[in-house]
Amino acid sequence: MSDLLALARDLDARDPLASHLDAFVEAPGVAAYLDGNSLGRPLRELPDRLAAFVREDWGTRLIRSWDEQWMDLPTELGDRIGRVALGAAAGQTVVADSTTVLLYKLMRAAVDAQAGRAEIVIEEGNFPTDRFVAEGIAAERGMTLRWIAADQIAGVQVADIEAVVNENTALVVLSHVDYRSGALADMRAITDAVHEAGGLVLWDLCHSVGVIPTELDACGVDLAVGCTYKYLNGGPGSPAFAYVNARHHGVLRQPIQGWMGAGDVFAMGSAYAPAGGIRQFISGTPPVLGMLAMQGMLDLIEAASIGAVREKSKTLTGLAVQAFDEELAPLGVRLLSPRDAAQRGGHVTIGHPDFAEVTKTLWADGVIPDFRFPDGIRLGLSPLSTSHEEVLSGVLAVRDALG
Ligand SMILES: *Cc1c(COP(=O)(O)O)cnc(C)c1O
């Protein structure tokens, strides 16, 4: 047995979370699923949960379920995500819409509250939807985008932010974990630097929620959004969440004024008056069906604890880096993620000019990472559903496909 295989098996044998691997639906023909950061796997309990929903909550209780449970589901589930994964006290997190729509609502609310400040700071390498929404808002409001060019591997640093924020900064929009390199930003120091200049900060947690614990309240974060279909396994198109720190409730006004975010939903009044608290950030009818699958994953994360999930994430990505060093670096593959686990989120990205072709071979063989233009393969390692041996077999499959 190779040393790497012995190491992977030893890490699995000592993995305190190994028992959770069985909680996920088996995928015949899939030898290694390395894309849990794009679409988390479904849980085995999900078919029963869905069937019970159709039979009882929807099928039998019918419209009564709105009063009995669905009206409060966006805020109850938001509170749960806040408690289990975000370090957010109750009443500040809501589940609704897609990440893109929530980015629009929060960015727009933030810049409107910052009268006299004309710049939105955003990083050139941020995820397209974040950049596109910011561009649209800047055009709508006659504002300027101030682009930061961060190091492509180390990601955005506090010095990058300090160099651009000033009395003209309305809002800074950043990803906590870079979707390409996996670089983990220093949320606390950057939030402080933005506040020092009088700006607000919006953190995109798409690639951190469910794998990297955050302390949104303790860091004094203003705003955050994140996906639930990545490390929260909510399924394709499951709704996103928004966090708005309580000090901004009643101050920020979101732009999509809908009846579901009104103070009295059934008053059918002549004018919009927002609900108090986080509820005002809802616009229309919440996607209840899309909120089912993530509930089982939140149960699992809560049972495991997000701290233990993070620890396993470090050993999984650490093994990927070690296997890269031994097996891939000699073939000319480049490491496109930080080496230090403390600076890295839940995925590791590697680069080689042949990776577009290699990815096709891997997918055909049941090894499923994702390809990121121009030549990156991203190994997304969802800790509760991924074993160390699976990670190693994925890296070895990359080696064999290159050979
Ligand atoms: C996945 C992801 C999104 C996705 O937005 P949707 O509206 O759900 O399509 C947005 N931002 C980042 C940083 C992401 O990683």
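The values are calculated or read from the model by the stated rules, or taken from the named source; none is laboratory data. Since we're looking at a predicted model, the values are computed, not measured. Note that each Cβ is placed from the backbone with ideal geometry, even for glycine, and that neighbours are counted across all protein chains shown. Note: areas computed on protein heavy atoms with side chains; ligands, DNA, RNA excluded. Shrake-Rupley method; radii C 1.70, N 1.55, O 1.52, S 1.80 Å.
Please compute P(r) over all alpha-carbon pairs of the chain, binned at 10 Å starting from zero, and give each bin as a whole-number percent.
5, 22, 31, 24, 14, 4, 0, 0
With an 8 Å cut-off on Cα pairs and a minimum separation of 6 or more residues, tell me the relative contact order of the chain in percent.
Computed value for the chain: 24 percent relative contact order.
Using alpha carbons only, how many degrees (0 to 90, rounded to 10) separate the axis of helix 99-112 from the longest principal axis of the chain?
50 degrees
Just to make sure I understand: if all protein chains stay in place, what is the order of Leu384, Leu50, Leu289 by accessible area at 1.4 Å, largest first?
Sorted descending by solvent-accessible area, the residues read Leu289, Leu50, Leu384.
Top mean-square fluctuation among Lys312, Lys360, Lys230, Gaussian network model of the chain, C-alpha springs under 10 Å?
For the chain, modelled as a Gaussian network with Cα springs under 10 Å, the answer is Lys360.
What part of the accessible area of the chain, given as a whole %, is carbon or sulfur when the probe is 1.4 angstrom?
For the chain, the apolar C and S fraction of the accessible surface comes to 54 percent.
So in region 71-300, what percent of DSSP beta bridges are antiparallel if you round to the nearest 5?
Here the antiparallel bridges make up roughly 35 percent for region 71-300.
Could you give the angle, 0 to 90 degrees to the nearest 10, between helix 388-402's Cα long axis and the longest principal axis of the Cα atoms of the chain?
70 degrees
If you find the alpha carbon centre of region 317-377 and of region 56-73, how far apart are they in angstrom?
Result: 45 Å between the Cα centres.
Grab the DSSP H runs of the chain that are 4 residues or longer, score each as -39,500 (n - 2.57), total them, divide by all residues and round the 222 nm result to the nearest 500 deg cm²/dmol.
Result for the chain, helices only: -9500 deg cm²/dmol.
Which percent, nearest 5, of DSSP beta bridges in the chain are antiparallel?
Rounded to the nearest five, the antiparallel share is 50 percent.
Cβ neighbours within 10 Å, averaged per peptide: list 90-97, 147-154 in order, most packed at the top.
With the highest mean Cβ count within 10 Å placed first, the list reads 90-97, 147-154.
In degrees between 0 and 90, to the nearest 10, how far off the longest principal axis of the chain does helix 293-304 point, with axes built from Cα atoms?
70 degrees
Can you list the cysteines of the chain that have no other Cys Cβ under 4.7 Å away?
Cys219
Using Cα pairs under 8 angstrom and six or more residues apart, how large is the relative contact order of region 176-297, in percent?
Result for region 176-297 is 20 percent.
In the Gaussian network model of the chain, springs joining C-alpha atoms below 10 Å, which of Gly296, Gly125, Gly250 carries the largest mean-square fluctuation?
Gly250
Anyone know which of Ala224, Ala356, Ala115 comes out most mobile in the 10 Å Cα GNM of the chain?
In the Gaussian network model the winner is Ala115.
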